Amino acid sequence: MKPVLEVTSLSQNFGGLRALNDVDLTVREGEIVALIGPNGAGKTTFFNCITGIYTPTEGDVFLHMPDGEKARLNGRKPHKITAMGMARTFQNIRLFPEMTVLENVMIGRHCRTRAGILGALLRDRGTRREEQASVERSYELLRSVHLHTLYNETAKNLPYGAQRRLEIARAMATEPHMLLLDEPAAGMNPHETRELEDLVREIRDSRKLSVLLIEHDMGMVMSLSDRIYVMEYGSRIAAGTPEEIRANPQVIKAYLGEEAHA
């Protein structure tokens, strides 16, 4: 399988603190890859580096485009990276609470629409056509995350698990080919987590996406992932299949706990 996301020798310094140290990671076409590690291991810092929130101190981040182009992401702004086809969700839900469910998804369509301020003011035929297409596309995405019946509900009124699914739908509205999920199961009960697993697989299969997720729910990680990378203190300490990671003594010691070896 061809790579979609390719990260080599990534390092990030904050003053005298080295938050990431020479991290390599690859996500290939159609893969679901997990990035795990204890709190403070550098996982979210890694996401922030590859999505343009931080500019890496060292190393390279490449996104392989569907047309075969290999684009270097270092130094690009987050909205430019999103427009190139890499979308993310956040550890803390970042919805627009007073907007409707549908409006939240439509905001994600912004990087795929052309109408500017003048078009919005004049409401010409092209603008109206584009807006209608955006509504229809957004509603379709809500259907894919099983929220279409709540399209007119205010986002803040959704149950927690539904808000998580709405955030995924908004990320999908940017039409990515690489999707990053930062702790998507955080705060979910076991039933919601199982539904989320099914949803991520469905999205990957139906939309031909590659997925990289940070997650602390080890049951979800082991059942959902094709491959797993493990970090500790800003460095990568292991990589492999779920079976290989489960049996890795260094991972057991650093992350799963010594008792997990029993």
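The values are calculated or read from the model by the stated rules, or taken from the named source; none is laboratory data. Quantities reported herein were computed from a predicted structural model and do not represent experimental measurements. With ideal geometry, Cβ positions are generated from the backbone for all residues, glycine too; neighbour counts draw on all protein chains shown.
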Among the candidates L213, L166, L180, L158, residue that is of a type in the set (A, V, I, L, M, F, W, C) and free of Cβ contacts under 8 Å to residues at least 60 places away in the same chain: L158
Which listed residue, of F90, F96, F62, is within 17 Å of the chain's Cα centre (by Cα) and part of a loop (DSSP other than H, G, I, E, B): F90
Which numbered condition G68 misses (of (1) farther than 23 Å from E167 by Cβ; (2) of a type in the set (G, A, S); (3) part of a strand (DSSP E or B)): (3)
Pairs where the first residue, in region 1-27, is at positive phi and hydroxyl-bearing (S, T, Y) and the second is surrounded by 13 or more Cβ atoms within 10 Å (Cβ to Cβ) and part of a strand (DSSP E or B), C-beta under 8 Å, 6+ apart: S9/D22; S9/V23; S9/D24; S9/E58; S9/G59; S9/D60
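Given S210, S206, which one is within 14 Å of S225 (Cα to Cα) and not acidic (D, E)? Don't jump to the end; show me each part of the working.
Details: S206 fails: within 14 Å of S225 (Cα to Cα).
Exactly one of S210, S206 is within 14 Å of S225 (Cα to Cα) and not acidic (D, E), namely S210.
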Options L20, L73, L35, L102: the member that is in the same structural domain as K156 (by TED's automatic domain parsing), in contact with a Leu (Cβ under 9 Å, 6 or more places away or on another chain) and surrounded by 19 or more Cβ atoms within 10 Å (Cβ to Cβ): L102
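Listed here are the residues, each with its yes/no results for (1) over 30 Å from N13 (Cα atoms); (2) out of contact with any His (no Cβ under 8 Å at 6 or more places or on another chain); (3) not assigned by TED's automatic domain parsing to the domain that holds M106.
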site: Y160; (1), (2), (3): yes, yes, no
site: E183; (1), (2), (3): no, no, yes
site: M188; (1), (2), (3): yes, yes, yes
site: E215; (1), (2), (3): no, yes, yes
site: S225; (1), (2), (3): no, yes, yes
site: S235; (1), (2), (3): no, yes, yes
Failed condition for S206, given (1) surrounded by fewer than 17 Cβ atoms within 10 Å (Cβ to Cβ); (2) in the same structural domain as I50 (by TED's automatic domain parsing); (3) farther than 30 Å from M65 by Cβ: (3)
Of all residues making up region 38-52, the number that are surrounded by fewer than 22 Cβ atoms within 10 Å (Cβ to Cβ) and either closer than 27 Å to Q250 by Cα or modelled with pLDDT under 95 (or both): 6
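Does at least one position in region 72-81 carry a residue that is assigned to a strand (DSSP E or B), at pLDDT 95 or above and either among the hydrophobic types (A, V, I, L, M, F, W, C) or touching a Ser or Thr at 6+ places or on another chain (Cβ under 6 Å) (or both)?
Initial filter on region 72-81 (assigned to a strand (DSSP E or B)): 72.
Narrowing further to those that are at pLDDT 95 or above: 72.
Okay, now just the ones that are also either among the hydrophobic types (A, V, I, L, M, F, W, C) or touching a Ser or Thr at 6+ places or on another chain (Cβ under 6 Å) (or both), so none.
The answer is no, given that none of the residues of region 72-81 is assigned to a strand (DSSP E or B), at pLDDT 95 or above and either among the hydrophobic types (A, V, I, L, M, F, W, C) or touching a Ser or Thr at 6+ places or on another chain (Cβ under 6 Å) (or both).
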Residue selected from region 183-194 under the condition in contact (Cβ under 8 Å) with a residue 40 or more places away in the chain and of a type outside the set (A, V, I, L, M), by the criterion nearest to I228 (Cα to Cα): E183
Pairs where the first residue, in region 30-45, is polar (S, T, N, Q) and the second is part of a loop (DSSP other than H, G, I, E, B), C-beta under 9 Å, 6+ apart: N39/H216; T44/F90; T44/Q91; T44/E183; T45/Y54; T45/G234
